[in-house]
Amino acid sequence: MTPVRETREEFEIMLNPTGPVLIGVTGEQPEDVPEQGIAFAKAFGRDAVFAWVDTTQYTSGFMSDGTVAFSTFDPDPASDSRPDVAWLEERAREAVGSSGVQWTTRVGAGQPAAVLGAIADESDASMIVVGTREPGFIAGLQEFLGGSVAAHLAHTQSRPVIVIPLLPVSKGGRVPWEPEA
């Protein structure tokens, strides 16, 4: 049985003393996830890495200069397969605000939990911050087919995974996995 850590010092031993906070973001999620990620980064004196995973593409290799090559699942080869990620920089800038937290952005492609895990390993992240799934049929279908990103991370990471509730259910309310009455 793992002993309970009762002091901040004991808890900090579990964390990488210098690793950044990895914040998984999507274009549609509320600001709560990036803002809470920055709050954790500031509280622990860490930098932040904002990461977005394009699920319409996959990593196909590496260029000679070290940049990642992506391929698209889109059967139309004439379409532009490079996503516009200017929104990610803007989202990071807004979340950081005047907090003083240093930040960078990363873009990956493929299965979100696997890619976020790889980015966490590469950046030696101290923790990963993600949000719960968003409500709705499409999000539910995606979770059914691919599973919960937060659950995958929680079961595959040795570092802490912090899950920010996007739409908390009130006490006695129906949680997303319960059938409607």
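The values are calculated or read from the model by the stated rules, or taken from the named source; none is laboratory data. Since this is a predicted model, take the numbers as computed values, not measurements.
Yes or no: region 51-58 includes at least one residue that is under 21 Å from V115 (Cα atoms) and modelled with pLDDT of 95 or more. Give the derivation first.
Just the residues of region 51-58 that are under 21 Å from V115 (Cα atoms), to begin with: 51-58.
Still in the list and also modelled with pLDDT of 95 or more: 51.
Checking region 51-58: at least one residue is under 21 Å from V115 (Cα atoms) and modelled with pLDDT of 95 or more.
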List the helices (runs of 4 or more DSSP H) inside region 73-170, counting only whole elements, that have at least 2 residues being small (G, A, S), modelled with pLDDT under 85 and within 17 Å of the chain's Cα centre (by Cα).
137-146, 149-156
